[in-house]
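Visitor: Mind looking over this structure? Questions follow.
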Amino acid sequence: MNREALRNGLSKVAWAYIFLLLHITLNIGLHTLDLLPDWAGYLLLLSAIPLLEPVLRDLPLLRPFCVVLAAAEAVEWTAALLTGQSILYRFLPVKALLTCLAMYVTFQLLTDLARLAEREGLPAGRLRLCRDLDVVIRAALFLPLPWEEWMALAVVLAVTGMIVCIMIAVQLFSLRRCLGAAAA
């Protein structure tokens, strides 16, 4: 197992998660530009798969889903930039499918990384807990509920979700650091 490739792959995954987590937008008139687009995060995940494949044999199964998500997010990003409107996400079945794919990719990726951490003798319970909370919160926020009436719950779920995502990103960078230290 090439430790440097593993460390590079984990770096790409950690940075991909930052792209998927943060949305820093630049508004120009009616047009919006996401400076950390999700499509770039999915491309980073795609580039990490060959580096992590020797130690995470199931990871290549995520490749087609990352391609679909990167393409869909690129379409959305371009549409928002050019027209200021959504193209794909205005159709509920498409939005539901892409949301489910994104949750599956994140869940499976974090599951594989937790297994890797355990194989290396590192704790993985917190990563698994955050993975589970992330999926539950995203699924709950996607439910067609009267969120306008339940604004306080929506805000609590959104803030909790952001905290969980930040914790996941911190744990991914920590895993990269620990595996890099083990290589030294």
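The values are calculated or read from the model by the stated rules, or taken from the named source; none is laboratory data. Only a predicted model underlies this, so the values are computations on that prediction, with no experimental measurement involved. A quick note on method: Cβ atoms are made from the backbone with ideal geometry, for glycine too, and the neighbour counts reach across all protein chains shown.
Residue by residue, here is whether (1) in a helix (DSSP H, G or I); (2) of a type outside the set (Phe, Trp, Tyr); (3) under 16 Å from the mean Cα position of the chain (by Cα) holds:
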{"position": "Leu6", "(1), (2), (3)": "yes, yes, no"}
{"position": "Leu36", "(1), (2), (3)": "no, yes, yes"}
{"position": "Trp39", "(1), (2), (3)": "yes, no, yes"}
{"position": "Leu46", "(1), (2), (3)": "yes, yes, yes"}
{"position": "Ala70", "(1), (2), (3)": "yes, yes, yes"}
{"position": "Val75", "(1), (2), (3)": "yes, yes, no"}
{"position": "Pro93", "(1), (2), (3)": "yes, yes, no"}
{"position": "Gln108", "(1), (2), (3)": "yes, yes, yes"}
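Visitor: Residues of the stretch 142-184 being surrounded by 13 or more Cβ atoms within 10 Å (Cβ to Cβ), of a type in the set (Gly, Ala, Ser) and over 20 Å from the mean Cα position of the chain (by Cα), which ones?
Guide: Ala154, Gly180, Ala182
Visitor: Follow-up. If you go through the stretch 8-26 one residue at a time, do you hit one that is crowded, with 22+ Cβ neighbours inside 10 Å and more than 30 Å from Ser86 (Cβ to Cβ)?
Guide: So the first thing to find is which residues in the stretch 8-26 are crowded, with 22+ Cβ neighbours inside 10 Å, and the list is 9-10, 13-14, 16-17, 20.
Narrowing further to those that are more than 30 Å from Ser86 (Cβ to Cβ): 9-10.
Yes: one or more hits.
Visitor: When you scan the stretch 21-34, how many residues do you find that are in contact (Cβ under 8 Å) with a residue 24 or more places away in the chain and either in contact with a helix residue (DSSP H, G or I) (Cβ under 9 Å, 6 or more places away or on another chain) or in a helix (DSSP H, G or I) (or both)?
Guide: 5
Visitor: List the residue pairs whose Cβ atoms are under 6 Å apart, where the first residue sits in the stretch 81-109 and is without any contact (Cβ under 8 Å) to a residue 40 or more places away in the chain and within 22 Å of Leu36 (Cβ to Cβ), the second is of a type outside the set (A, V, I, L, M) and in a loop (DSSP other than H, G, I, E, B), and the two are 6 or more positions apart or on different chains.
Guide: From the stretch 81-109, the pairs are Lys95/Tyr89.
Visitor: Residue check: is Ala139 among the hydrophobic types (A, V, I, L, M, F, W, C), surrounded by 13 or more Cβ atoms within 10 Å (Cβ to Cβ) and either at pLDDT below 90 or over 16 Å from Arg3 (Cα atoms) (or both)? Don't jump to the end; show me each part of the working.
Guide: On the way: among the hydrophobic types (A, V, I, L, M, F, W, C): yes; surrounded by 13 or more Cβ atoms within 10 Å (Cβ to Cβ): no; either at pLDDT below 90 or over 16 Å from Arg3 (Cα atoms) (or both): yes.
Spelling it out, it is not the case that Ala139 is among the hydrophobic types (A, V, I, L, M, F, W, C), surrounded by 13 or more Cβ atoms within 10 Å (Cβ to Cβ) and either at pLDDT below 90 or over 16 Å from Arg3 (Cα atoms) (or both).
Visitor: A further question follows. Among Leu6, Leu45, Leu56, which is the only one that is closer than 18 Å to Phe173 by Cα, in contact with an Asp or Glu (Cβ under 6 Å, 6 or more places away or on another chain) and either at pLDDT 95 or above or not acidic (Asp, Glu) (or both)? Talk me through it step by step, then tell me what you get.
Guide: Numbers: Leu6 fails: in contact with an Asp or Glu (Cβ under 6 Å, 6 or more places away or on another chain); Leu45 fails: in contact with an Asp or Glu (Cβ under 6 Å, 6 or more places away or on another chain).
Criteria check complete, one pass: Leu56.
Visitor: Under 9 Å by Cβ, and 6 or more places apart or on different chains, what pairs join a residue from the stretch 56-75 that is under 19 Å from Arg115 (Cβ atoms) with one that is not in a helix (DSSP H, G or I)?
Guide: Leu59/Glu53; Pro60/Glu53
Visitor: Next up: One residue is enough: does the stretch 83-90 have a residue meeting the conditions of a type in the set (D, E, K, R) and modelled with pLDDT of 90 or more? Reasoning before the result, please.
Guide: Keep residues of the stretch 83-90 that are of a type in the set (D, E, K, R), which gives 90.
Those left that are additionally modelled with pLDDT of 90 or more: none.
No: the stretch 83-90 contains no residue that is of a type in the set (D, E, K, R) and modelled with pLDDT of 90 or more.
Visitor: Considering the stretch 72-110 alone, what residues qualify as being polar (S, T, N, Q) and touching a helix residue (DSSP H, G or I) at 6+ places or on another chain (Cβ under 7 Å)?
Guide: Initial filter on the stretch 72-110 (polar (S, T, N, Q)): 78, 83, 85-86, 99, 106, 108.
Selection gives Gln85, Ser86, Thr99, Thr106, Gln108.
Visitor: How many residues are modelled with pLDDT of 85 or more, farther than 19 Å from Phe65 by Cα and of a type outside the set (Ser, Thr, Tyr) if we restrict to the stretch 11-42? Walk me through how you get there before you give the answer.
Guide: Quick first cut of the stretch 11-42, residues modelled with pLDDT of 85 or more only: 11-20, 35-42.
Remaining after also requiring farther than 19 Å from Phe65 by Cα: 11, 35-36.
When the remaining residues are screened for being of a type outside the set (Ser, Thr, Tyr), the result is 35-36.
Of the residues in the stretch 11-42, 2 are modelled with pLDDT of 85 or more, farther than 19 Å from Phe65 by Cα and of a type outside the set (Ser, Thr, Tyr).
Visitor: Let me ask another. Does Ala117 satisfy being touching an Asp or Glu at 6+ places or on another chain (Cβ under 6 Å), surrounded by 17 or more Cβ atoms within 10 Å (Cβ to Cβ) and under 18 Å from Val13 (Cα atoms)?
Guide: Values: touching an Asp or Glu at 6+ places or on another chain (Cβ under 6 Å): no; surrounded by 17 or more Cβ atoms within 10 Å (Cβ to Cβ): yes; under 18 Å from Val13 (Cα atoms): yes.
For Ala117, the condition - touching an Asp or Glu at 6+ places or on another chain (Cβ under 6 Å), surrounded by 17 or more Cβ atoms within 10 Å (Cβ to Cβ) and under 18 Å from Val13 (Cα atoms) - is not met.
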